[in-house]
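Below: the structure, in structure tokens.
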Amino acid sequence: MMSNLFSIFDPSTNLFNLSINWMSTILGLMFLPYSFWIIPNRHFMIWNFILKKLHNEFKTLLKNNYFKGSTFIFISMFSFVLFNNFLGLFPYIFTSTSHLTLTLSISFPLWLSFMIYGWINNYQHMFIHMIPQGTPTILMPFMVLIETISNIIRPGTLAVRLTANMIAGHLLMTLLSSTGPNLSYMFIFMLIIIQIMLLVLESAVAIIQSYVIAILSTLYSSEVN
């Protein structure tokens, strides 16, 4: 029995006191690359079509910051987050993207590298970005403070957004499923239908959240130049 509701997200499986749940995050290195070594099939063609669309969109967002290969950073992040989001939808598989340990490890190094690059190479633009055009002189100190705070919390908002969205759906499905043994057959049938609908919704959330974190990271990188 769970000590609390959030214990379903605990990485409890271990071997020699080493948590092996986190091994699920690198399973994509075993399953995803196979499509590049065999004759292209439908799955490979669909995935390649998605990556090309993302490449064109990220290229447009990067504008002057674009150089060959720069979009693959964000495409790789999208693929990694998408794979782990979907992996967490399977029963008894650890959801790594529901932990700030992983999401902060993705967002914070990206944000920090953008900030270091921007302040070293284009510090005038970084100062100008703190004060929106047309701001009254009396409000400039407050705008600098607000923009500085909003800039500092960016990696946290990226990480918390992904974590909260992945936790919310899983908790709702767990709460509903825990009521199953106390229901009649008719209500169990309704519960199964609701759970299937929630699973479809969670699949959409898994795609949307991986797309959102990639798009926001691209927008943040385009602001440093």
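The values are calculated or read from the model by the stated rules, or taken from the named source; none is laboratory data. Here the structure is a predicted model, which is why all the values come from computation and not from measurement. So basically every Cβ, Gly included, is an ideal-geometry build from the backbone, and we count neighbours across all protein chains shown. Each accessible area value is taken on the protein alone, full model and side chains, heavy atoms only, with ligands, DNA and RNA left out. Shrake-Rupley method; radii C 1.70, N 1.55, O 1.52, S 1.80 Å.
So here's what we get for this one:
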quantity: Near-label residues of the range 74-113 by backbone N, under 11 Å of a point 7 Å along Cα→Cβ of TYR211; calculated: none
quantity: FRET efficiency for HIS125 and PHE49, using Cβ-Cβ distance with R0 set to 22 Å, rounded to 0.05; calculated: 0.05
quantity: More than 23 angstrom apart: percent of Cα pairs within the range 7-224; calculated: 59 percent
quantity: Virtual paramagnetic centre 7 Å along Cα→Cβ of ALA204, amide N under 11 Å, in the range 89-113; calculated: none
quantity: Inter-label distance for PHE142 and LEU172, nm, one decimal - labels placed 7 Å from Cα along Cα-to-Cβ; calculated: 3.7 nm
quantity: Geometric extent, Cα atoms of the range 161-225 - Rg, Dmax (angstrom); calculated: 17.2, 61
quantity: Separation of the GLU223 and PHE187 label points, Cα + 7 Å toward Cβ, nm; calculated: 4.9 nm
quantity: Packing-based ranking, highest mean first, of 169-177, 213-221 given that Cβ atoms within 10 Å are counted; calculated: 213-221, 169-177
quantity: R0 of 25 Å, Cβ-Cβ distance THR179-ILE93: FRET efficiency to nearest 0.05; calculated: 0.65
quantity: The range 108-173 - percent of accessible surface contributed by carbon and sulfur, probe 1.4 Å; calculated: 76 percent
